[in-house]
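Asks: What follows is a single structure, and I will ask about it in a moment.
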Amino acid sequence: MDNSLVSYTVFESHKNILAFSTTKKLVKHTAPRFTGDSPELFAENRKQLADVLKISPAQLVFPRQTHTNCVAELSEIPETEINETDALVTNQPGICLCVQTADCVPILLFDPEEKVVAAIHAGWRGTVKKIAETTVLKMKKNYGTSPENLLALVGPSIGPGIYEVGDEVVTAAHQNIPHAAKSLHKNSKGKFHFNLWEANRQILLQCGLNSKNIEIAGECSFTQTEKYFSARRDGVDTGRTVSGIMLLE
């Protein structure tokens, strides 16, 4: 795979999918995004990514993410933007499901038996709304997925050593995350840190995934300055990492 992309061990034995996350090496712009209000810039960014993946820009599908737990199913490449949606699912080859992050968690799912893929954007709001669970349940109901067959990647995002949170997040985590104490720890100042990686792992385990089938990338977007974008480090107008997954023909 191109050195501007990251690939993942959990998927490597399967040749019928493409799964990746981008790094800062991919784009020329200082603040690259792939959807939004500047069509020319976004078209250029999409073309650059598509060229590296050796696919058409039209095959890249991005939802307009708003920290929901809404999951959209795709049977074809959509003609219009998918609004108010933070996860995509398809069983159709050639549709590259993509999410954008700059500290939030990208989660990629693959069912090698039923040939279904999903891409999920989970910040703290999506995590406590259990968007990962919503996605797995949709795959189970509509595509016949058995959760124990699913392979999962919890991708680059802000790490637990950095991600200090307030009472609102702590309360929501205790109310919604399985074994929440495993995802929260206090620092020396008595402030809580939220481990988004572990929280989403616990949600996936509760859904019936096997622990051995869940890969945690373990890469912190905040501390890996040269590799990933971070909104907490650089401000909300920073660029975005793209994580995507596609069934091949």
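Asks: Select, from THR35, THR85, THR80, THR127, the only residue that is crowded, with 21+ Cβ neighbours inside 10 Å and either in contact with a strand residue (DSSP E or B) (Cβ under 9 Å, 6 or more places away or on another chain) or on the phi < 0 side of the Ramachandran plot (or both).
Replies: Going through THR35, THR85, THR80, THR127 in turn, just one is crowded, with 21+ Cβ neighbours inside 10 Å and either in contact with a strand residue (DSSP E or B) (Cβ under 9 Å, 6 or more places away or on another chain) or on the phi < 0 side of the Ramachandran plot (or both): THR127.
Asks: Can I ask one more? Filter segment 231-248 down to the residues that are crowded, with 23+ Cβ neighbours inside 10 Å and either at pLDDT 95 or above or not charged (D, E, K, R) (or both) and list them by number.
Replies: Result: GLY239, THR241, VAL242, SER243, GLY244, ILE245, MET246.
Asks: Please indicate, with yes or no, whether at least one residue in segment 78-88 is farther than 21 Å from SER7 by Cα and within 12 Å of the chain's Cα centre (by Cα).
Replies: Yes, segment 78-88 contains a residue that is farther than 21 Å from SER7 by Cα and within 12 Å of the chain's Cα centre (by Cα).
Asks: Does any residue of segment 242-249 turn out to be touching a strand residue (DSSP E or B) at 6+ places or on another chain (Cβ under 7 Å) and part of a loop (DSSP other than H, G, I, E, B)?
Replies: Scanning segment 242-249, I find at least one residue that is touching a strand residue (DSSP E or B) at 6+ places or on another chain (Cβ under 7 Å) and part of a loop (DSSP other than H, G, I, E, B), so the answer is yes.
Asks: A further question on this structure: Residue check: is SER146 of a type in the set (Ser, Thr, Tyr) and closer than 30 Å to GLU76 by Cβ?
Replies: Yes.
Asks: A further question follows. Looking at ALA173, ALA181 in this structure, which one is of a type in the set (A, V, I, L, M, F, W, C), surrounded by fewer than 16 Cβ atoms within 10 Å (Cβ to Cβ) and either farther than 21 Å from ILE131 by Cβ or in contact (Cβ under 8 Å) with a residue 12 or more places away in the chain (or both)?
Replies: None of the others qualify; the one that does is ALA181.
Asks: Can you give me the number of residues within segment 116-137 that are of a type in the set (Lys, Arg) and over 18 Å from ASN210 (Cα atoms)?
Replies: 2
Asks: Here is a further query. Would you pick out the residues in segment 190-202 that are assigned to a helix (DSSP H, G or I) and more than 14 Å from LEU151 (Cα to Cα)?
Replies: Across segment 190-202, the qualifying residues are LEU196, TRP197, GLU198, ALA199, GLN202.
Asks: Any residue at all in segment 195-205 that's free of Cβ contacts under 8 Å to residues at least 24 places away in the same chain and buried (at least 17 other Cβ atoms within 10 Å of the Cβ)?
Replies: No, every residue in segment 195-205 fails to be free of Cβ contacts under 8 Å to residues at least 24 places away in the same chain and buried (at least 17 other Cβ atoms within 10 Å of the Cβ).
Asks: Considering only segment 206-232, how many residues are farther than 21 Å from VAL136 by Cα and touching a residue at least 12 places away in the same chain (Cβ under 8 Å)?
Replies: Going through segment 206-232 one residue at a time, the tally reaches 14.
Asks: A follow-up question, please. Any chance segment 42-53 includes a residue that's part of a loop (DSSP other than H, G, I, E, B) and either on the phi > 0 side of the Ramachandran plot or in contact with an Asp or Glu (Cβ under 8 Å, 6 or more places away or on another chain) (or both)?
Replies: Scanning segment 42-53 turns up no residue that is part of a loop (DSSP other than H, G, I, E, B) and either on the phi > 0 side of the Ramachandran plot or in contact with an Asp or Glu (Cβ under 8 Å, 6 or more places away or on another chain) (or both).
Asks: Still on this structure, please answer the following. Which residues, counting only those in segment 117-176, are assigned to a loop (DSSP other than H, G, I, E, B), within 23 Å of PHE20 (Cα to Cα) and either at pLDDT below 95 or not small (Gly, Ala, Ser) (or both)?
Replies: LYS130, THR145, LEU150, PRO156, ILE158, PRO160
The values are calculated or read from the model by the stated rules, or taken from the named source; none is laboratory data. In this text, all values refer to a predicted model and were calculated from it rather than measured experimentally. Cβ atoms come from the backbone with ideal geometry, glycine included; neighbour counts cover every protein chain shown.
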